[in-house]
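K.L.:
A single structure is presented below for examination.
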Amino acid sequence: MEVVRRRSFGWPTMAVVLTCALLVMLPQVYSVRYIVGSRFGWTNSVNYTNWAKDKHFYNGDWLFFVYDRNQMNVLELNKTDYESCNTDHPLHNWTTGAGRDVVPLNVTKTYYFASGKGYCYGGMKVAIHVEKAPPPPKAAPVRSSSTNLVNSFKGQIMIPVLFATAAVWDAFLLLW
């Protein structure tokens, strides 16, 4: 009779995995993922200037383009080509072919996006001004340092740690 041994992961391995998960998650806590066009997505029936005007885009945020992959695309243009809808020489083609494209806003500048194939002339274009992230708000004066410090720690660190732990636990269960 052959003995089947389960693979066991020790605490050092689990500690490394949790630390990596936490380090990956912390920078994302403050970033925002915007679905371009909200519930309508990247289509020719949305005024993207109006969509973007009341939003503040910060370095580290993400744009998520959802569209019909057989008809549209997502091109990053320079300002001149954006204004004239010249999509022949894009700075970057973000189209992956799935119709679900994610664009990281990792540089403080104005991004110019448009759809080629003539859709730009119909209004499928958007300018996104990306700003530096504002400094975190100043904390209110602390009366009792132990209580407020614990509550602050719970809200800002413990919740991402809880989610990371749950994700790692789920991954371990799949491996067993």
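The values are calculated or read from the model by the stated rules, or taken from the named source; none is laboratory data. Keep in mind that what you see is a predicted model, and the values were worked out from it rather than measured. Backbone-built Cβ (ideal geometry, glycine too); neighbour counts: all protein chains shown. Only protein heavy atoms, including side chains, enter the accessible area calculation; ligands, DNA and RNA are left aside. Shrake-Rupley method; radii C 1.70, N 1.55, O 1.52, S 1.80 Å.
K.L.:
Given a 1.4 Å probe, how much area per residue of segment 82-138 is accessible, in Å²? The partial results should precede the final answer.
P.N.:
Working: 3380 Å² over 57 residues.
Heavy-atom SASA per residue in segment 82-138 reads 59 Å².
K.L.:
Of the listed peptides 127-137, 96-106, 111-121, what is their order by residue-averaged count of other C-beta atoms within 10 Å, with the highest listed first?
P.N.:
Those peptides, ordered most packed to least, come out 111-121, 96-106, 127-137.
K.L.:
How far, in nm, would the chain grow between R69 and R33 when pulled straight, counting 0.36 nm per residue and subtracting the alpha carbon separation?
P.N.:
Values: separation 36, 0.36 × 36 = 12.96 nm, distance 2.03 nm.
Working it through step by step, the gained length comes to 10.9 nm.
K.L.:
Normalised by the residues of segment 61-104, what does the relative contact order come to in percent, with Cα pairs under 8 Å and at least six apart? Could the numbers behind the result be given before it?
P.N.:
On the way: 58 pairs, mean separation 24.0, N = 44.
Reported relative contact order: 55 percent.
K.L.:
In addition: List the pairs from K53/K138; K53/K125; K53/K109; K55/K109 whose alpha-carbon separation is above 20 Å, in the order I gave them. Intermediate values should be presented prior to the final figure.
P.N.:
On the way: K53/K138 27 Å; K53/K125 13 Å; K53/K109 16 Å; K55/K109 15 Å.
Where the Cα-Cα span goes over 20 Å, the pairs concerned are K53/K138.
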